[in-house]
Protein chains: 2
Amino acid sequence: MVNGLWQDQISLDDRAVHYGDGLFETMRVVDGKIPLLPRHIDRLEEGAARLLFTTDRSQITDMLNAYLQEVPEKSNLTLKLIASRGSSQRGYRPIVGQPATIAIKASTFVSRVNKAQREQGVSARLCNSRLGRSSLLAGLTPLNRLEQVLAQAEWNDPHIFEGLMLDSDDYLVEGTVSNLFFVLAGQLCTPQLIDCGVKGVMREELIEFFTESTGIRPVEGLFKLGALAEAKEVFVCNSSFGAVPLVSCENATWLPGNFVRRAQEHINVLYRCPEV
Amino acid sequence: MVNGLWQDQISLDDRAVHYGDGLFETMRVVDGKIPLLPRHIDRLEEGAARLLFTTDRSQITDMLNAYLQEVPEKSNLTLKLIASRGSSQRGYRPIVGQPATIAIKASTFVSRVNKAQREQGVSARLCNSRLGRSSLLAGLTPLNRLEQVLAQAEWNDPHIFEGLMLDSDDYLVEGTVSNLFFVLAGQLCTPQLIDCGVKGVMREELIEFFTESTGIRPVEGLFKLGALAEAKEVFVCNSSFGAVPLVSCENATWLPGNFVRRAQEHINVLYRCPEV
């Protein structure tokens, strides 16, 4: 669906095609509802404002509802929304405030994590591909994803669940499709994502959950790889697979701990299902 | 035209739309010919190899010929070619070696530079938007162009011809659509583009031209903004407008010099026209 019309093509003049000039949201649909919808729309609005184009919250909600209305089986879906700046004449210069072109497409949700992995944990690797530090785009979900594409091209071993990425100054950032949390001296920590990285909606949900339930806000800071080696517990999260303990990355190993269990319990309630 | 078929839309599943997962070439057409075609195709092939997909040189040449055959007025065109990784299932991981999807579109060439500007020079500004250092993509023309889009959004004054960009470590890189040359102690210099930036085909053409005609290869190095203040002559170039002297950027001023005149003469011959 593009701008409310049922079509599976987009104009060759669209700036998403030429420049990756837009944003995306990948949303989990449970029983026809999007549990984290307000966070997705908030991030989209913040991103559009920073990229100097315009999204209309109620219009996007209407489009999502219209789309979900027509999908026959909506109990468990992954819904991808692309908000592009739309078409323009040649050249990079944007028309400031141009209304976004909204494309929506759903696919059946397929969990990448089974019960055993969720309980006992998964393994990660360290990617050679680095994230460029560009505060212009930091925190957002721009359609410029070549760094992630090249990072995932580095491995094909199904036993490696995720690749962790550093930035060009050796700071820990995130996984290729997930955010990273770890426990240092009893304190839950996560990279700050001021210079690069995506502020995932599940990351934001868990920061708020732990702040409210423990009274202590997780530390968002600058961490190098050594911090992970010292961590007592490590987990990755996103809105699709929830939260999963990491038990190894290269030579470091960890055991699942209490923080990931509490995150998993919270996500189970959020997604109204015994198992995410 | 997409993969040889006359169409002005592209699949919503194309990875150019989702990830900017591809490369582009913007080519000047003069009298039905593309003077710098071998350099464009070389860069495209190098880029595709680094991004782990496949382009077919003879197939692309055939498509360009077929396209130009059908264009009624081909004396002066700008031709944009997009080589995307094509469609795929959801997820960043690419199928290594996937053949590219090739989209081609021409527009009438409109010179951004008039005779007076070419002779007397133009003004530039320094952009606040910085280029993230990512050796993964350095030198290439990836479809990830949001940094350039945001840089060009910074100004709209028609008296400012170009915006110069620094990287996140304060090194000089390039203009938003051009490469930068300057003369330090009699020696022609240009940023090395190992950490970011586009190795423009006109930059490569001029490096080769000056190397062959003077016996001295221009210096490709790391330069900070102070180098420009000390420069005796500065010019920008690309395959569209050729080479144009810069006479000011913020508080620094320069006069057009011998190097840009020799570059302009060379480009006039290359483009077989009295004035590029």
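Miscellaneous remarks
Conditions tested, residue by residue: (1) open to solvent by less than 10 Å² (accessible area, probe 1.4 Å); (2) among the hydroxyl-bearing types (S, T, Y); (3) in a loop (DSSP other than H, G, I, E, B); (4) at the interface with chain B (Cβ under 7 Å from one of its Cβ atoms).
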{"site": "A:R90", "(1), (2), (3), (4)": "no, no, yes, yes"}
{"site": "A:I104", "(1), (2), (3), (4)": "yes, no, no, no"}
{"site": "A:R112", "(1), (2), (3), (4)": "no, no, yes, no"}
{"site": "A:Q117", "(1), (2), (3), (4)": "no, no, no, no"}
{"site": "A:R125", "(1), (2), (3), (4)": "no, no, no, no"}
{"site": "A:L136", "(1), (2), (3), (4)": "no, no, yes, yes"}
{"site": "A:A151", "(1), (2), (3), (4)": "yes, no, no, no"}
{"site": "A:E162", "(1), (2), (3), (4)": "yes, no, no, no"}
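- Flag for A:F235 being open to solvent by 30 Å² or more (accessible area, probe 1.4 Å) and either in contact (Cβ under 8 Å) with a residue 24 or more places away in the chain or farther than 18 Å from A:R112 by Cα (or both): no
- Applying the set (1) surrounded by fewer than 20 Cβ atoms within 10 Å (Cβ to Cβ); (2) in contact with a Gly (Cβ under 9 Å, 6 or more places away or on another chain) to B:P245 leaves exactly one unmet item: (1).
- Candidate set: segment A:194-222, residues that are within 14 Å of chain B (Cβ to nearest Cβ) and under 20 Å from A:L246 (Cα atoms); chosen: the one surrounded by the fewest Cβ atoms within 10 Å (Cβ to Cβ): A:V198
- Residue match in segment B:195-204 (condition: part of a helix (DSSP H, G or I) and free of Cβ contacts under 8 Å to residues at least 60 places away in the same chain): yes
- Which numbered condition B:T190 misses (of (1) touching a Lys or Arg at 6+ places or on another chain (Cβ under 7 Å); (2) open to solvent by 10 Å² or more (accessible area, probe 1.4 Å)): (2)
- Qualifying position, being of a type in the set (A, V, I, L, M, F, W, C), outside any loop (DSSP other than H, G, I, E, B), in contact with a helix residue (DSSP H, G or I) (Cβ under 9 Å, 6 or more places away or on another chain) and over 22 Å from B:D21 (Cβ atoms), among A:L77, A:L68: A:L77
- Flag set for B:M27, criterion: under 23 Å from B:P142 (Cβ atoms), more than 8 Å from chain A (Cβ to nearest Cβ) and crowded, with 21+ Cβ neighbours inside 10 Å.
- The set of residues from segment B:164-176 being among the hydrophobic types (A, V, I, L, M, F, W, C) and either closer than 20 Å to B:R217 by Cβ or buried (at least 22 other Cβ atoms within 10 Å of the Cβ) (or both) comprises B:L164, B:M165, B:L172, B:V173.
- Residues in segment B:178-194 that are assigned to a loop (DSSP other than H, G, I, E, B) and touching a Cys at 6+ places or on another chain (Cβ under 9 Å): 1 in all.
- Matching residues in segment A:193-218 - criterion: being under 22 Å from A:G132 (Cα atoms) and of a type outside the set (K, R): A:L193, A:I194, A:D195, A:C196, A:G197, A:V198, A:G200, A:V201
- When each of B:E220, B:E208, B:E212 is tested for being within 28 Å of B:G47 (Cβ to Cβ), over 19 Å from the mean Cα position of the chain (by Cα) and without any contact (Cβ under 8 Å) to a residue 40 or more places away in the chain, the lone residue that passes is B:E212.
- Flag if B:D157 is of a type outside the set (G, A, S), open to solvent by 10 Å² or more (accessible area, probe 1.4 Å), out of contact with any strand residue (DSSP E or B) (no Cβ under 7 Å at 6 or more places or on another chain) and closer than 19 Å to B:F223 by Cβ: no
- Failed item, numbered, when A:P99 is tested on (1) surrounded by 13 or more Cβ atoms within 10 Å (Cβ to Cβ); (2) within 12 Å of chain B (Cβ to nearest Cβ): (2)
- Criterion violated by B:I34 - all others in (1) open to solvent by less than 10 Å² (accessible area, probe 1.4 Å); (2) within 24 Å of A:Q89 (Cβ to Cβ); (3) of a type outside the set (D, E, K, R) satisfied: (1)
The values are calculated or read from the model by the stated rules, or taken from the named source; none is laboratory data. For clarity, every value in this text was computed on a predicted model and none was experimentally measured. Methodologically, a virtual Cβ is constructed for each residue, glycine included, from the backbone with ideal geometry; neighbour enumeration extends over all protein chains shown. Accessible surface areas use protein heavy atoms only, side chains included; no ligands, DNA or RNA. Shrake-Rupley method; radii C 1.70, N 1.55, O 1.52, S 1.80 Å.
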